[in-house]
Structures are given as structure tokens and as C-alpha cells.
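Undergrad: Following this message is one structure expressed as C-alpha cells.
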Amino acid sequence: METKSEQDEFYLLHTVPTVLRARGFRLYTRGGKRLLDLWQNNGSAVLGHTPPNLLRELKNTASRGLYAPLPHFLEGRFIKALLRLFPNRSFKLYAAAPAALEPLLKSGEAALWRPFLDPASPFAATENAPPILVPVLPGIQGWRGNLPLGLCVLAISPDFQCGLPAADILSPVLLAAAARSIHDLLASPQRVRPNFPRIAKALKNSPWQRQGIYLNLREKPDAGQWALLFSNFLDAGFLLPPVSYHPLILPGELSDGEESKLAGILGKIQ
């Protein structure tokens, strides 16, 4: 018989109180509790849950009734925005990651790309980047494991030959939000350097490994250990990723009290 975690890999999210609204990097639950979001939807909320430009694009596009996946000039606008991040690559757009992507991820021929990993170059792909990059973009993305749903972009090197299926036609609402998200990313280079001195001190000689705004435990915990950690952070007012292979993401801003509390709980983990 399958366990609950095998049936629903994100089952830990069911232990979170019902969330009524999200503002910036904070979630507000039905019971009146405020949670600082350290998951940020695996990076899809890396600029916060209420980026004003993105919300305006969604409203303007939706107001024209453009929900259906129909051909629209916004696809070209989105591709043009993607070229600012990944020049000299071609792109395939999907509503969900194609099955052919999983073996490419396992072989190392494909990998997720995240912004703000490198303070010196927050948007660049590394020189030895694999031929297929799957960008994690702010906006409307869901997740099945480590693969995006709703909007899955493959940025493909020109000399790479692969048997990927034909691209999907996407809703202009998704395309408008995604194009806006790239422009907002490029306008937010300071996001890579959050000035949290207490947290920086707590991370010294800790089991956490930091890369840009992202934290991962040096030794991968098993499911039970992560569930206990998730519960402890939740009790303290912090939402961890529901799975250990999604990174903990430092928020764009913290109050002094939030920083002290987060530094304390990060420093306690041994």
C-alpha cells in the first residue's frame, strides 16, 4: 500500500492552515496567523506574491477575455523577453513539462535555471550550462515534483538535437504575466544581495549551504527528518518548502524581529 507521502509528494502543505491572502513574502491564514514564506512556490514568487506590474498585466489581459490558448502576438513578446535572459537559444513553451524532459534532467542534459544564484551575475547562465535550461520564473507556475506546470519553458542550445514534442499554444494571460516577470527580474538585481547580517552570522558553521538567496542542507534529510523540520518552522511562523529538494529562499525583505527569529531557528539546526 502506498504511503500518504508517496500518493502526494507535497502532502506537508496539507498541514498548513488555510491561506486567505498573500502580500509580499508573507502569508495570512484563516486562523489569523502570519507566515513568512521561505518556499515562495519554489521560486515562482521570488519577487513576492503581489508584484504590481505582473498583477496589472494579468488584469489588463484578462479584461480582454484572453483566457483561451489561442495564437496571439504575446507569444512573440514573451520569446523576445526570454532572449534577454538566454541569448542565442531557441525556446519551446509547454503547459506542462513533456515526458521527454525527465530523462534529459537525469542525464544532465537539462537543468533548472534560477535567478539570483550568483551575486556577481544574477541572471547569467553558467558557461558550462547544459544544452536545455528550464527557467524558474516569477508568476503563474505550479509544480509536479521539480517540473513546472502551467508554464514550462525550455531554453535550448542551437546545436542540440532532441526529440521533444511540438510546443503548446498557451493562454495570452500566462504569456503576458511571464513576459512581465522577466522584465521585473531584470529590474531587480538588488534582490540577490539581501542585507541580513544576523542570518549571515547564523549560517556560519551551520549545516546550511548558501548560494545567492538560496539555502540547502549540506546533508540531504530523509522524508521524516524534513517533515519534523517543516513542522518546527511552521510552529515558529515560517513556511519551508514541502519537499527537501526545493531550496529555502530568503525573502526580499524582513523586519528586525523576523530576521532575529529566523536567524535563531537556522542557527539551532545541527
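Undergrad: Among the numbered criteria (1) open to solvent by 20 Å² or more (accessible area, probe 1.4 Å); (2) at pLDDT below 90; (3) of a type in the set (A, V, I, L, M, F, W, C), which one does residue 177 miss?
TA: (1)
Undergrad: I'm trying to understand the selection: among the residues of the range 122-141, which are without any contact (Cβ under 8 Å) to a residue 24 or more places away in the chain and either within 18 Å of the chain's Cα centre (by Cα) or open to solvent by 40 Å² or more (accessible area, probe 1.4 Å) (or both)?
TA: Across the range 122-141, the qualifying residues are 124, 126, 127, 128.
Undergrad: Taking only pairs six or more apart or across chains, which ones have beta-carbon atoms under 6 Å, a first residue in the range 179-192 that is closer than 19 Å to residue 58 by Cβ, and a second residue that is at pLDDT 90 or above and assigned to a helix (DSSP H, G or I)?
TA: 179/77; 179/78; 179/81; 182/81
Undergrad: When the range 162-172 is examined, which residues are found to be open to solvent by less than 20 Å² (accessible area, probe 1.4 Å) and not small (Gly, Ala, Ser)?
TA: As a first pass, look at the range 162-172 and keep what is open to solvent by less than 20 Å² (accessible area, probe 1.4 Å): 170-172.
Within the range 162-172, 170, 172 qualify.
Undergrad: Just give me the residues in the range 114-134 being more than 12 Å from residue 211 (Cα to Cα), hydrophobic (A, V, I, L, M, F, W, C) and in a loop (DSSP other than H, G, I, E, B), in sequence order.
TA: Listed by number, the residues that qualify are 123, 124, 125, 129.
Undergrad: Looking only at the range 221-248, which residues are aliphatic (A, V, I, L, M) and either in contact with a Pro (Cβ under 8 Å, 6 or more places away or on another chain) or surrounded by fewer than 19 Cβ atoms within 10 Å (Cβ to Cβ) (or both)?
TA: 223, 227, 228, 229, 234, 236, 248
Undergrad: Right, something else. Quick one: would you say residue 61 is open to solvent by 30 Å² or more (accessible area, probe 1.4 Å), among the β-branched types (Val, Ile, Thr) and modelled with pLDDT under 85?
TA: In short, no.
Undergrad: Let me ask something else. So, of the residues in the range 149-161 that are outside any strand (DSSP E or B) and touching a residue at least 12 places away in the same chain (Cβ under 8 Å), which turns out to be least open to solvent (accessible area, probe 1.4 Å)?
TA: The residue in question is 157.
Undergrad: Can I ask one more? Give me a count of the residues in the range 84-111 that are of a type in the set (A, V, I, L, M) and assigned to a helix (DSSP H, G or I).
TA: Total satisfying the criteria: 4.
Undergrad: What number of residues in the range 137-148 are closer than 20 Å to residue 81 by Cα and either in contact with a Lys or Arg (Cβ under 7 Å, 6 or more places away or on another chain) or assigned to a strand (DSSP E or B) (or both)?
TA: Looking only at that region, the number is 1.
Undergrad: Something else now. Evaluate the following for residue 81: is it in a helix (DSSP H, G or I), open to solvent by less than 40 Å² (accessible area, probe 1.4 Å) and touching a residue at least 40 places away in the same chain (Cβ under 8 Å)? Quick ask: steps written out before the conclusion?
TA: On the way: in a helix (DSSP H, G or I): yes; open to solvent by less than 40 Å² (accessible area, probe 1.4 Å): yes; touching a residue at least 40 places away in the same chain (Cβ under 8 Å): yes.
It is true that residue 81 is in a helix (DSSP H, G or I), open to solvent by less than 40 Å² (accessible area, probe 1.4 Å) and touching a residue at least 40 places away in the same chain (Cβ under 8 Å).
Undergrad: Restricting the range 251-270 to residues that are closer than 17 Å to residue 218 by Cα and among the aliphatic types (A, V, I, L, M), which is modelled with the lowest pLDDT?
TA: 269
To keep it simple, each residue is scored yes or no on (1) over 25 Å from residue 68 (Cβ atoms); (2) among the basic types (Lys, Arg); (3) modelled with pLDDT of 95 or more.
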site: 84; (1), (2), (3): yes, yes, no
site: 95; (1), (2), (3): no, no, no
site: 122; (1), (2), (3): yes, no, no
site: 125; (1), (2), (3): yes, no, no
site: 141; (1), (2), (3): no, no, no
site: 150; (1), (2), (3): no, no, no
site: 155; (1), (2), (3): yes, no, yes
site: 159; (1), (2), (3): yes, no, no
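Undergrad: For the range 193-215, name all the residues that are within 19 Å of residue 113 (Cα to Cα) and surrounded by 17 or more Cβ atoms within 10 Å (Cβ to Cβ).
TA: Step one: filter the range 193-215 for residues within 19 Å of residue 113 (Cα to Cα), giving 193, 209-215.
Result: 212, 213, 214, 215.
The values are calculated or read from the model by the stated rules, or taken from the named source; none is laboratory data. It should be emphasised that the depicted structure is a prediction, and the values quoted were computed from it without experimental measurement. Note that each Cβ is placed from the backbone with ideal geometry, even for glycine, and that neighbours are counted across all protein chains shown. Keep in mind that these areas ignore ligands, DNA and RNA; they rest on the heavy atoms of the full protein, side chains included. Shrake-Rupley method; radii C 1.70, N 1.55, O 1.52, S 1.80 Å.
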